[in-house]
Structure formats: C-alpha cells, structure tokens
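The values are calculated or read from the model by the stated rules, or taken from the named source; none is laboratory data. All of these numbers come straight from a predicted model, not from anything done at the bench. As a convention, Cβ positions derive from the backbone with ideal geometry for all residues, glycine included, and neighbour counts pool all protein chains shown. Just so you know, the surface numbers come from the protein's heavy atoms only, side chains and all, with ligands and any DNA or RNA stripped out. Shrake-Rupley method; radii C 1.70, N 1.55, O 1.52, S 1.80 Å.
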Amino acid sequence: MTSTIPDPRHGADGAPPVTDRAGRVEVHGIDHIPDAERHGRPRELFAIWAAANVNYLSLVIGGALVLMGLSLGQALLVIVVGNLFWLLTGVLAMSGPAAGVPSEVITRAMYGIRGNRVNNAVTGWMISVCYFALNLAAAASAAFALVDKIGLPANTVVKTAVVLAIAALTLTISVYGHGLIVKLYLPITIALTAAFGVVAYAVLMRADFGHVPDAPLTGAGLWATLLAGVTVIASGPLSYTTSADFSRYLPRTASPRAVAGWTALGGFLPSVAVCSLGALAATAVDMTDPQTALEEILPGWFHPVFLIALVLGTISINALTAYSAGLALQAVGIRIRRSLSVIVDGTVASALTLYALLVSNFLDTVSNVLQLTVVLLGPAMTLYATDILLRRNRYDGLALMDETRGSPFWYSGGVNGAGAVALGAGVTAAALCVNTVYTGPIAAALAGSDLALPAGIVVTSAVYALLMRNSPSVRAARAGA
C-alpha cells in the first residue's frame, strides 16, 4: 500500500533528499524508501532515543522502587537489569535499513498481511494512543504547576488550553516527521541533560548512599518486589516494538551492529541515569509526590526551568509515539496520508486526556490496564526479534509491500498461523505468571513472584522458532533470495 506520493527530487552534494528534510512535511508513510533516498548514519539514532528517555516518568519510576521497600543497592540493580531490555529494541531497529519500511510493515512477515492488521490495531495503534494520553497528562500536570507559578488561574479553560498547546507542539514534530526528529533531538538531548544535571547535583548533595528500609524485605517478599521492579522498568523498552520506524531511512549498507548498538545505548544510558537519580532522591525526600518533593531541594530560580524540562521531555517521547501510531493506523488498512493519520491519533489522545483530567478518573483505569501490557508487548517484541534472527535480518521491502494473494507473506488466508499461535502461547504463559492489577495462578502459587517476562519470552521464542524453521519465506531469506 502506497499511502503517499514520494517526491522524486534529491538534495545536492550529499544533502538529505528533499523528501526527508526538517523543514518539509515527510511524504513517506508506510511505503518503501528507495535506496536513492536513504541517508544518515547509525549514530544519529542515539540522540533520538536519548531525548525520549531523559524524562519525568523515569525519575518517578526510580523513586517508586525505593518506596516499594528496596534498599538503594537493590533498586540500582533492578534499574540496570530492567533497562537491559533496550537490547531488544536495538535488535528490532536493525530490520529498518534491511527492509526500508517501518516496523508496522515488517511484521507482515510474522503475522501475514491480514493478521498484521489486527496486530497493528492492538499493539500498534490502541496501546500507542493510550500511552500518548498518559504522557500528555503527565506533561500537563507539570505545565499546570508552571501556570500557577506565573499567577494564572488553573481553571478549566486554562487547563484545556495548556493540554491543547502541548498536544499541538507534539503533533507538529510528528507531522513533519523523521527529518525534523533527527534535526531536533540532539539539541533537545543536550538541553534535557543540562537540566537534569542540575537536578542530579541537588539530589546527590542530599542522598543517603547507604539507605536501607526500616524493615528490609526478605525471602519471597523480596523476590516478588525485585521481579515486579524489573517488570516495571522493562515495560519502557518493551513498549518500543516500532524502533525500525526511525532507522528505515538509513542506507541498506548501514552496519546492523551499529544500528542496534546506538539505539540500545540511546535508551539504556539515560534511562539508567534518570531512574537511578529518582532512586537516590527517594532516600532524601518523599517521592510519593515527586514534583513537590523535588521543589524543596532545587534552587528556587531553577524550579520553573525544571518544569519546562519535564514538559519538553514528555513532548519528545510523545512525538515518537504519535509518529508510530500514525504509521500503525495506515498499516491497519486505512487509506490516509501519514500526516493526517498522526493528527487523528493526536486528536483522539487529546480528547481522552481532557476527559480524564477534567471529567473522570479515566487515566487511572488506563494506567492499570497498561500495567498489563507487558503481558502482550513482551511476547510481541520477542517474536519480532526471533524472526529477525531466523531470517538473518534479510527482508525484501518491496515484497512486504505486496498485499495480494500472491504475496510471499499472504500465508494461509492472509494469516501466518505460526505467528498467531506463538504469540497466543507467549501471552498465555505470561498471563499465568503476571502479578500486577491481576495475579495469575502461577504467580499466586509462587507467593506473588511475577515471572511474566521470562515466561512470555521463552515460550514465544521457542514456539515461533519451532513452527517457522521450515517456512518457505524463512528458507528463502536465509538463502539470500
């Protein structure tokens, strides 16, 4: 499906093609990027992922680990282990340059042409819109505090205007697309790092590096808390099953290791740093209300800057979310330009956010539901990574664009049974072992220990590898056809 009409003109003297420049709305959607329009270097991916992960949410999650009863040392260990799942995000990014299409199209190899539409509707569009709404609400809360500082009344009209303004800035980045994201995210990364550097100084001056809880956890309770912490941290990288969206413009000859490495480092390093900062802060102040608690230890002049940084960080992460959600809407089968699909997604998410903040406790409900997404996203990401390994990262982007019955990815009735069965088996295994708002029977039998991540990963990869090892499309890819 070609949802947009690419501009065939190219830049001069090695400059990026005019189809992917910061000042132009990106014309490509889920269609294949020709080799002549590929450009850039893998190292550009670092800033894209770093800007999205120097954020308030990571700070809050890090503090929550100490509030859960872990010592500082245990919390830091959980932070490192949970963020190792960025390696999977990096592996998925390798498929972008190989195929020249986004993740939302590459997954046709795993689920089939029709089956992939269901996959994109759920793991791509619906979950992305929910995350957009939650992040937008978090940014709005910081912006409300900033509005209060400058003396404006935080009434319904002002709050609505604030939410819409933040959403508009976010969607502007997403609509202009890949070229603007590459251009903006390095200076955003630098600005956010500087802001959080001031926060780090204030926190380190007050932190208790030998912190242990008054009643240290032991035995089954300790293991249950450690596993729950790893799951919470890992939910961040596991939510990015679309990392090929931001690497597909790289030349086909780009080093897969470099693509995976820069993507993983861009997520891992800032996530570990900011989460650790949150854990350290929790040893000095009450992180049940992080925004108020940090205000007590930050210089008075800096607090408004900190609030602006919180909003900027959330805009950065939400711009990536909206960008991928727009591609997912196209991949579902809706004939719409990428720029318009992004606006549709942002409008829906903004409406949900306004309803949540001004009318009901919708965000509480969505937040609880998203705690369970690791049950789906863990197996989904693992299946994707397993397919990359099975095919040796060889994807024919033009063949993936073929939606006819003659497509090598039509399988049976448009559905790849191996992918559906493997994902179903992995989700079932994870659901039996999860312990969040719902406790699976295996988790209950293990005194609350949440083994959803390892169970989902092992079962999904094993079943998919077993069922797909002799698939004609896999054999053809491995043979280099």
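Odds and ends about this structure:
- Every condition in (1) open to solvent by less than 30 Å² (accessible area, probe 1.4 Å); (2) without any contact (Cβ under 8 Å) to a residue 40 or more places away in the chain; (3) among the hydroxyl-bearing types (Ser, Thr, Tyr) holds for THR189 except the one numbered (2).
This table checks each residue for (1) farther than 30 Å from PRO304 by Cα; (2) of a type in the set (Asp, Glu); (3) touching a His at 6+ places or on another chain (Cβ under 8 Å).
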| site | (1), (2), (3) |
| --- | --- |
| ALA202 | no, no, no |
| ASP208 | no, yes, no |
| PRO216 | yes, no, no |
| THR225 | yes, no, no |
| THR241 | yes, no, no |
| PRO251 | yes, no, yes |
| GLY261 | yes, no, no |
| GLY266 | no, no, no |
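- Counting the residues of region 212-229 that are more than 18 Å from ALA444 (Cα to Cα) and open to solvent by less than 30 Å² (accessible area, probe 1.4 Å) gives 1.
- Apart from one condition, SER407 fits all of (1) in a loop (DSSP other than H, G, I, E, B); (2) more than 15 Å from MET110 (Cβ to Cβ); (3) open to solvent by less than 30 Å² (accessible area, probe 1.4 Å); the exception is (2).
- Criterion: farther than 22 Å from GLY90 by Cβ, over 18 Å from the mean Cα position of the chain (by Cα) and at pLDDT 95 or above - qualifying residue of ALA195, ALA279, ALA200: ALA279
- When ASN119 is tested against (1) more than 30 Å from ARG391 (Cα to Cα); (2) in contact (Cβ under 8 Å) with a residue 60 or more places away in the chain, exactly one condition is not met: (1).
- In region 231-252, the residues that are over 16 Å from GLY267 (Cβ atoms) and either among the aromatic types (Phe, Trp, Tyr) or in a helix (DSSP H, G or I) (or both): THR231, TYR249
- Residues of region 436-452 classified as in contact (Cβ under 8 Å) with a residue 60 or more places away in the chain and open to solvent by less than 50 Å² (accessible area, probe 1.4 Å), total: 5
- Any hit, region 257-274, residues being outside any helix (DSSP H, G or I), open to solvent by 20 Å² or more (accessible area, probe 1.4 Å) and at pLDDT 95 or above: no
- Region 149-173, subset open to solvent by less than 50 Å² (accessible area, probe 1.4 Å) and in contact (Cβ under 8 Å) with a residue 60 or more places away in the chain, residue farthest from ALA139 (Cα to Cα): ILE173
- A single member of THR386, THR292, THR365 is out of contact with any Leu (no Cβ under 9 Å at 6 or more places or on another chain), modelled with pLDDT of 90 or more and assigned to a helix (DSSP H, G or I), and it is THR386.
- Filtering ALA154, ALA121, ALA145, ALA167 for residues that are in contact with an Asp or Glu (Cβ under 6 Å, 6 or more places away or on another chain) and at pLDDT below 95 leaves a single hit, ALA154.
- Considering (1) of a type outside the set (Lys, Arg); (2) under 23 Å from ALA75 (Cα atoms); (3) open to solvent by less than 20 Å² (accessible area, probe 1.4 Å), the lone condition that LEU327 does not fulfil carries the number (2).
- From the options GLY63, GLY40, residue that is under 30 Å from ALA140 (Cβ atoms) and at pLDDT 90 or above: GLY63
- Unique match (being touching a helix residue (DSSP H, G or I) at 6+ places or on another chain (Cβ under 7 Å), surrounded by 24 or more Cβ atoms within 10 Å (Cβ to Cβ) and part of a helix (DSSP H, G or I)) among VAL78, VAL54, VAL91: VAL78
- Scanning region 410-447 for residues that are under 27 Å from the mean Cα position of the chain (by Cα) and in a loop (DSSP other than H, G, I, E, B) yields ASN416, VAL434, THR436, VAL437, TYR438, GLY440.
- Here the condition is being under 28 Å from VAL199 (Cβ atoms), modelled with pLDDT under 90, out of contact with any Phe, Trp or Tyr (no Cβ under 6 Å at 6 or more places or on another chain) and open to solvent by 10 Å² or more (accessible area, probe 1.4 Å); of ILE336, ILE308, ILE297, it holds for ILE297 alone.
- Test: THR292 is open to solvent by 10 Å² or more (accessible area, probe 1.4 Å) and touching a helix residue (DSSP H, G or I) at 6+ places or on another chain (Cβ under 8 Å): no
- Looking across region 25-36, the residues that are in contact with a helix residue (DSSP H, G or I) (Cβ under 6 Å, 6 or more places away or on another chain) and either among the acidic types (Asp, Glu) or open to solvent by 10 Å² or more (accessible area, probe 1.4 Å) (or both) come down to VAL25, GLU26, VAL27, HIS32.
For every residue, the table says whether it meets (1) of a type outside the set (S, T, N, Q); (2) more than 16 Å from LEU320 (Cβ to Cβ).
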{"residue": "ARG257", "(1), (2)": "yes, yes"}
{"residue": "THR263", "(1), (2)": "no, no"}
{"residue": "GLY267", "(1), (2)": "yes, no"}
{"residue": "ALA279", "(1), (2)": "yes, yes"}
{"residue": "GLN291", "(1), (2)": "no, yes"}
{"residue": "GLU296", "(1), (2)": "yes, yes"}
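- The requirement of being farther than 17 Å from ALA52 by Cα and aromatic (Phe, Trp, Tyr) is fulfilled nowhere in region 126-142; no residue meets it.
- Filter pass, VAL101 being part of a loop (DSSP other than H, G, I, E, B), buried (at least 21 other Cβ atoms within 10 Å of the Cβ) and in contact with a helix residue (DSSP H, G or I) (Cβ under 9 Å, 6 or more places away or on another chain): yes
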